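Reviewing the structure listed below.
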Amino acid sequence: PLTRACVPFRARTAAPAAAAADTAAAASTVVDAPTLKVEVDPFIELKGEVQTSEMPTFAIPPTTLIVLAKTVLAANNGCDKPELLAENFEFNGPVVGPLSKEAFTKAFSSFDLGAAFPDFNAQYYDFRVDPFEPNRVWFTTRGVGTNTGTFAGAIPPTGKTVEAPPQACSLMFDEGGQATQLTVGYVMDKNVGNTAGLGGVFGILYAIGKPLPFPEAQPWKKSWQWRLFNLINTVVGKVKALIGGKK
């Protein structure tokens, strides 16, 4: 069944002739934008860029791993089908975790996001396998939805809309195809959305006006140590410039 599920992904691979035509066309690519017109090298190689063909492999091919990842996500992160999660499964977020399989499925199911946000759309995209950890599938999500139902069985509907920032997430698998780890909530751009840079459930609660009362669930603020460091650095810079100007 897993092999058959991969067929649509393989079918999207460009035919050799089409790929060759694309390569030839790319050789003379010119970026022509309102304020930029420059020829670019489509074969440019960056120092330190990874050559994926030289990276380690895994027992399960990338296309199948991506299908497995989507299967876990479609099953409410595995909560609706616990057999998709290995017994040694762990959940890890920026703040919450590690949580065991039992603790995670119990906690996540209790939120009942579907009831709280009937129109919620996780907006998953950019599924790819990590070349350094070939048993890991990375993906991005930018969830949106309106809070029209009770959240976590206790918070009444607020009618407010959540627009989450892009968040990096991942699923890791063992050779048997079961998920061993889920990571979510790692915000990629704190300036996007209306969660004040918070990811995961903390971001959702903040967006609907029900933030939890501890620092980790609040928007990031500069510490007094960081402000002092910047102040000293600014003063030192001005002193150096003043001394240099007198020479």
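The values are calculated or read from the model by the stated rules, or taken from the named source; none is laboratory data. Keep in mind that this is a model prediction, so the values were computed, not measured. Please note: Cβ atoms are built from the backbone with ideal geometry, for glycine as well, and neighbour counts cover all protein chains shown. The protein model used for the area step is the full one, side chains on, heavy atoms only, and it has no ligands, DNA or RNA in it. Shrake-Rupley method; radii C 1.70, N 1.55, O 1.52, S 1.80 Å.
If you take all other residues with their beta carbon under 15 Å from the beta carbon of C169, and give Lys and Arg +1 and Asp and Glu -1, the sum is -1. Residues R136, R227, R128 ordered from highest to lowest accessible area at a 1.4 Å probe: R227, R128, R136. The residues neighbouring N194, those whose beta-carbon lies less than 14 Å from its own, together hold a net charge of +2 under the Lys/Arg +1, Asp/Glu -1 convention. To put it simply, the accessible area of region 116-173 at a 1.4 Å probe is 53 percent carbon and sulfur.
For G185, what is the net charge nearby, where nearby means another residue's Cβ is under 13 Å from its Cβ and Lys, Arg count +1, Asp, Glu -1? Around G185, the surrounding residues sum to +1. Summarising the amide proton neighbourhood of Y186: residues at separation of 5 or more, or on other chains, whose placed amide H is nearer than 5 Å comprise A168. What accessible area per residue, rounded to a whole number of Å², is obtained for region 122-220 using a probe radius of 1.4 Å? For region 122-220, the per-residue accessible area is 46 Å². Sorting the Cα pairs of region 39-186 by distance into bins of 5 Å, from 0 upward, gives 2, 9, 15, 18, 19, 14, 9, 6, 4, 3, 1, 0 percent per bin. A crude spin-label estimate for the pair K47 and D126, with each label 7 Å from Cα along the Cβ direction, gives 2.5 nm. Phi angles of region 157-169 translate, via the Karplus equation with coefficients 6.51, -1.76, 1.60 and θ = phi - 60°, into HN-Hα couplings of x, 10, x, 8, 9, 9, 10, 6, x, x, 10, 7, 9 Hz per residue; Gly and Pro are given as x.
Here's how it looks for G143: its modeled amide H is under 5 Å from those of A164, which are all 5 or more places away or on a different chain.
The lysines whose alpha-carbon is closer than 20 Å to the alpha-carbon of K190, local same-chain residues fewer than 8 away aside, are K160, K210, K221, K222. For region 106-117, 3J(HN,Hα) computed residue by residue from phi via the Karplus equation (6.51, -1.76, 1.60; θ = phi - 60°) reads 5, 5, 5, 5, 5, 5, 6, 4, x, 6, 6, 10 Hz, glycine and proline entered as x.
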